[in-house]
Every structure is written in structure tokens, then in C-alpha cells.
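Just below is one structure, and these are the notes that go with it.
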Amino acid sequence: MLEVKNVDAGYDFLQVIWDVTLHVADGEFVALIGPNGAGKTTTLRTIAGLLTPPRGQVRFQDRPINGLPAHRISRMGISFVSETLNLFPAMSVYENLLLGAYTVHNKAAIQTNLSFVFDLFPRLHERRNQLAGTLSGGERKMLAIARGMMSSPALMLVDEPSLGLAPKLTLAVFAALQALRQRGVTILLVEQNVNTTLHMADRAYVIEQGRIVLEGQGTDLLNNVHVQKAYLGI
Amino acid sequence: MSATGNVTQSIPFIRRMLSPTWITIWLTVIVAIIVSVAKGPFALVNSLVTGGMWALMAAGLALVFGVMNIPNFAHGEFFMIGTLVAYFVFNPISKYLRQNPSPAFAAIAPFAGIILAVVVGALLGFVIEKIIFSQLRRRSKEQWVMNTFLLTAGVSVVMINGTRLIWGTEFKGVTHYWDVDPLEFFGVNLSIDRIVVFVIALITIVAFWFFMQRTGIGRAMRAVAQDEVGAQMLGIDLDLVHMLTLSLSSALAALAGASLLFMFPSYPTVGLKPLYVAWYVVILAGLGNVQGAIAGGFIVALLQTLTSYFIGVGWEDVVPTALIILILLFKPSGLFGSEVKGVWEQ
């Protein structure tokens, strides 16, 4: 479904990722792990079209998408839940969700998605008329994920959903991702919470200093000496 | 969904009515009423008529600043284009009507000029976005606000002098749109023109509000104002939103110009005064705050009416400016600035 081939990317004169190659199959749950500054977010931003890679190719459903503007990529069915969330603070939760379905023109489909995300996050239903800027950190994360789901994407790119969350909320967020996966949504997840992530993911890539250094089944990586030493502290 | 929400939120609603924003609005209304009762309703009537048009001007200015981060100093020139188009459409029609009187045609003729002015304004806004701002955006976003400020000042000079070159500097005005005796309201003689202008403003404000709050594309505009990257991530086409924003804002300015042709005869620099007033309003209300700009339009109009009546016409600009200095000293974000914030404020 998603193929990233030999991609270099970065910001102006600062190159962050070198020769990144990865792929995500239909229905798969793939994780991208690595330390701070390794280029995880840059990889996702490149796929989402917020950065244009000077070298390499990104293909989605067998069509090249590198170089397309971000809104076109979003319309093709890739939903990006960024680390900074990019919510609309002066709009209500409900309006944020409606904007998530901006590209959906079928009213019934919007209602279905709305009730799906309200089922998944009852908290958002309670707060649907509250301004997004007044939500707590955990609620904002939920809203960002829910908003990303409103367009019924084929692929979701989720950037560090557990960042800055209390352990209990982290679990809730991971449970939501599981629910999404059961719904058949393909997920590429960037996480620092390596243990939980590797248990959940079908496959994972380890990225260090801008290059992919390891790849494999989630459970295999849990037993990998390098991963245990560097990320799990075993 | 939002209807049920309003019921459950009735207590926050009351609290909101007591916020500084609404207290300012209530105070304005009370002052208008007191003056109306004491000195006759001229204050209320005049400030409603000009206020409606200032509100349209200021809403367009605030919209462009909010969505595109452009401090538009060429906004007044769209007002000028509005007066110009209305004049060139209405003048031949009124000449024709003098020879072949037809009450039905005379009643609707002014609207032809006003509608065409709106269309021309929107098209011009579209062209300027395409040939100027979208080019700059593609090349560099560094120092965006400063660069676009200089660009709009340049556009303003080009448009003023272009008009001067093509159509000359003489005043092109009409004495009235509708040749009907004025109506009397509570002892104030009010020409039909002024009543229609107020109705146009009212309808436009309601339509504009509906467009921004209830339609997908209006919501997308607000989304771009609040988080450009977030909007792109959801599939919102920034180019389209920018184009629509400048078109809409220019169309509002042209509408104001065309509607007020009987008060502001068209000449190349006719847009400067409305531009300054729109900036007073926008600074007073908070930069980029569209709803505040609409309320601010009426507040500034009331201030001007009261100033010109009690102090003198020459002071009309002095009092709002002095007030703005005071407001900026004590509340730099403007009167309503805290309620809606754009990205650049956070």
C-alpha cells in the first residue's frame, strides 16, 4: 500500500533522513521507533507531503505521491495525526471533527464516522461543544486521532500519540489504535514507548541518525540485542 | 447537534454576555439609546447606516489578515473600484431613465451597478491574489507580513494612479440612487438610499456569518486562519482558500463602495478614508477577529457620529484614533482580541 524508496529529506539545508526505505502492506500495523532526532517525524512529514523529498520515491496504492501538495495526498486517503496535533483551537470539538471529514461529501458517511469516533472516545462526545483550545492534553490527542479518522482514511500516520500523556491515557490511546486496526485501517505509528509498541505492531523499523538500521517482526525486535540494550534497558 | 448544545450551554452563555466584549457592545448600545432619547434618534440612525458599511469593510480586512496574514493597505482601492463600477453602470442608466421614465426599472436599476461592482471586486481580488500574493508565497515566506504590507501599499499606489490615468481626477458621483421623497422615522428624515444601504449591510452580514459558520468552505477558511498545516493535512486546498478569501474581502469592499456612491463620489483616492476607518475598526476589535470587526464597525460609526455632532466634523478621525491609542496601551490585543486568535498571536 505504501512504499518509501531511498528517500532523502530534511529542512532547507539541513538533511535529516538518508536513504530511507520502508513499506507498509494493506491492513498492516507498522511501527517506526528510534531516539529523539532520529528522523521519525521527518519521515512521516515527507509521506504526508508537508516536506518534498529531493531524492527518492514515495508510492501510495501504486501511484507516486512525492512532490504532491499535502492536501492532495490527504484526499488520496492518507491521514496524518501530527505530534503537534494541529487542532483548530478556537473551534469546537464538533467543528474540528467536521473539518476532519472535509473531503467527505456523503452526509450519512459523516454521521457514521462521527458516531464511530464518539463510541471510541465518549469523552469527546461529552465535550463536543467545547473549544478545542480548552481541552486537556489527553483530550486533545483523542481529538486529533478522532479527527484523523473522520475521513475514513486507508492509511493513518500517527506521530507519538503517547507523548506527554499519563500512563492511563496512553493505554486509552493505544486501545483506540487497536480498535482502528480491527476496523481494517492500515497504521504507520511513530513511537518512543518501545515496549508497548513492539507488542502491538506487526512489523517495526528502527531508525537511528536518519537511517533505517533494523527492521523485523515486532516480537522479533523485542528479542533483538541492540533493541533490548538501547531502548528497553535490559 | 449545535441546537441541543446551545440549550445545555445556557449558563456559559450568560457568563459570556458579561465578558468585556459584550459589556463593550452593551455600553455602545446604551450610549446610542441615551443620545437618541436626549437629542433625537439621529445618532442611532446615522451610525447604523454608516456602521453597516464600515462593518463590511472591516470584516473583509480582518478576514484577509486572519486567513492570509496580509495587512491589506490596498483594501480602500477595492472600495474605490466599487464606486467607479457603480458610477459607470448607474450613470448611463439614469440618463436613459430621464428620457424614458419607468418607475419599475428605476427601482431596480441601482442594484445592477451594485451587483456588477461586487463581481468586479471579486474578480480583481482573484487576479491580485494570483499575480501577486500567490507568486510571493511560492518564492519566499520570510518576513511575510512586512513584505505583503509593502506589496499592498504598492498595489494601492498603482491602482490609485492607474485610475487617475485612465478615468481622470474629476468627481464622478450621483446625488441619489432612488429619486423618492425621504421617509420620516421618529422625526428624522431618512432617504431611501440610506435605508437600502442599511438593509444591504444587514443582509450581507447575516449571509457572511452564515457562510463562515455553517458552510464547509467557510469553516475551511477559519481552519486555515487557525492552523495552516492542520488545514492542509485534512485535504483543504490552501490556494483555493486564499483565492476565495481575497475575492470575498474585495467583493465586500466593492459592495461598500458601490452602496455608498451617493455619499462618496468616485475619485482616485476615495478609498483612503474607508481604509483608515476599516483599520481603526480592526485595531479596535483585534487583528484578524472577523466577528469583532462587525461589532467594531458600528462602534466606530457611533463614535464618529457623536464626535461630529458634539465636537465638530473635523474631529471625526481624532477621537477614534485617540481611543485606539488608549486601547492599545491597555489592551494590546484589541477589545475582542482574546476571544478569537489567529496563528500569529499564539
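Residues checked against (1) modelled with pLDDT under 90; (2) surrounded by fewer than 20 Cβ atoms within 10 Å (Cβ to Cβ):
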| residue | (1), (2) |
| --- | --- |
| A:Gly137 | yes, yes |
| A:Gly164 | yes, yes |
| A:Gln192 | yes, yes |
| A:Tyr205 | no, no |
| A:Gln217 | no, yes |
| A:His226 | yes, yes |
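Among the residues of the stretch A:66-111, those identified as crowded, with 20+ Cβ neighbours inside 10 Å, touching a residue at least 60 places away in the same chain (Cβ under 8 Å) and either outside any helix (DSSP H, G or I) or more than 9 Å from every other protein chain (Cβ to nearest Cβ) (or both) are A:Ile78, A:Ser79, A:Phe80, A:Val81, A:Ser82, A:Leu87. Checking each residue in the stretch B:247-271 for being of a type outside the set (Ser, Thr, Tyr) and more than 13 Å from the chain's Cα centre (by Cα) picks out B:Leu261, B:Phe262, B:Met263, B:Phe264, B:Pro265, B:Pro268, B:Val270.
Scanning the stretch B:234-262 for residues that are free of Cβ contacts under 8 Å to residues at least 40 places away in the same chain and of a type outside the set (D, E, K, R), which turns out nearest to B:Met159 (Cα to Cα)? So that I can check it myself, show each step before the final result.
Start the filter on the stretch B:234-262 by keeping residues that are free of Cβ contacts under 8 Å to residues at least 40 places away in the same chain, which leaves B:234-238, B:240, B:244.
Next, from what is left, pick out any that are of a type outside the set (D, E, K, R): B:234-236, B:238, B:240, B:244.
Values: B:Leu234: 37, B:Gly235: 35, B:Ile236: 32, B:Leu238: 27, B:Leu240: 24, B:Leu244: 21 Å.
Once the filter is applied, the top-ranked residue is B:Leu244.
Pairing each residue of the stretch B:62-78 that is acidic (Asp, Glu) with any residue that is assigned to a loop (DSSP other than H, G, I, E, B), provided the two are 6+ apart or on different chains, yields C-beta distances under 6 Å for B:Glu77/B:Gly271. Can you work out which of the residues in the stretch A:30-42 that are under 11 Å from the mean Cα position of the chain (by Cα) and outside any strand (DSSP E or B) is nearest to A:Val20 (Cα to Cα)? Applying the filter and picking the extreme gives A:Lys40. When B:Leu328 is tested against (1) within 14 Å of chain A (Cβ to nearest Cβ); (2) free of Cβ contacts under 8 Å to residues at least 60 places away in the same chain, exactly one condition is not met: (1).
Suppose we filter A:Leu135, A:Leu177 for residues that are aliphatic (A, V, I, L, M) and either farther than 22 Å from A:Tyr102 by Cβ or in the same structural domain as A:Glu3 (by TED's automatic domain parsing) (or both); which single one remains? It would help to see each step written out before you state the result.
On the way: A:Leu135 fails: either farther than 22 Å from A:Tyr102 by Cβ or in the same structural domain as A:Glu3 (by TED's automatic domain parsing) (or both).
Among A:Leu135, A:Leu177, only A:Leu177 is aliphatic (A, V, I, L, M) and either farther than 22 Å from A:Tyr102 by Cβ or in the same structural domain as A:Glu3 (by TED's automatic domain parsing) (or both).
Restrict the check to the stretch A:138-148 and report whether at least one residue is among the charged types (D, E, K, R), at the interface with chain B (Cβ under 9 Å from one of its Cβ atoms) and closer than 28 Å to A:Gly27 by Cβ. Yes, that holds for at least one residue.
Among the candidates B:Gly314, B:Gly292, B:Gly286, B:Gly334, which residue alone is farther than 18 Å from B:Met53 by Cα and within 14 Å of another protein chain (Cβ to nearest Cβ)? Walk me through how you get there before you give the answer.
Values: B:Gly314 fails: within 14 Å of another protein chain (Cβ to nearest Cβ); B:Gly292 fails: farther than 18 Å from B:Met53 by Cα; B:Gly334 fails: within 14 Å of another protein chain (Cβ to nearest Cβ).
Of B:Gly314, B:Gly292, B:Gly286, B:Gly334, the one residue that is farther than 18 Å from B:Met53 by Cα and within 14 Å of another protein chain (Cβ to nearest Cβ) is B:Gly286.
Taken over the stretch B:220-274, the residue count meeting the criterion of being more than 14 Å from chain A (Cβ to nearest Cβ) and of a type in the set (Val, Ile, Thr) is 3.
Working carefully through the options A:Leu99, A:Leu120, A:Leu124, A:Leu68, find the one that is outside the structural domain of A:Ile187 (by TED's automatic domain parsing) and over 30 Å from B:Asn289 (Cα atoms). So that I can check it myself, show each step before the final result.
Numbers: A:Leu99 fails: over 30 Å from B:Asn289 (Cα atoms); A:Leu124 fails: over 30 Å from B:Asn289 (Cα atoms); A:Leu68 fails: outside the structural domain of A:Ile187 (by TED's automatic domain parsing).
Checking each option against the conditions leaves just A:Leu120.
When B:Val313 is tested against (1) touching a helix residue (DSSP H, G or I) at 6+ places or on another chain (Cβ under 8 Å); (2) under 23 Å from B:Met80 (Cβ atoms); (3) of a type in the set (A, V, I, L, M), just one condition goes unmet, and that condition is (1). Within the stretch A:34-51, residues that are within 14 Å of chain B (Cβ to nearest Cβ) and farther than 18 Å from A:Pro69 by Cβ sit with their Cβ atoms under 7 Å from residues that are in a loop (DSSP other than H, G, I, E, B) and of a type outside the set (S, T, N, Q), at 6+ positions apart or across chains, in these pairs: A:Thr41/A:Glu83.
The values are calculated or read from the model by the stated rules, or taken from the named source; none is laboratory data. Everything quoted here is computed from the prediction, not taken from an experiment. Reconstructed Cβ throughout: ideal geometry from the backbone, glycine too, with neighbour counts over all protein chains shown.
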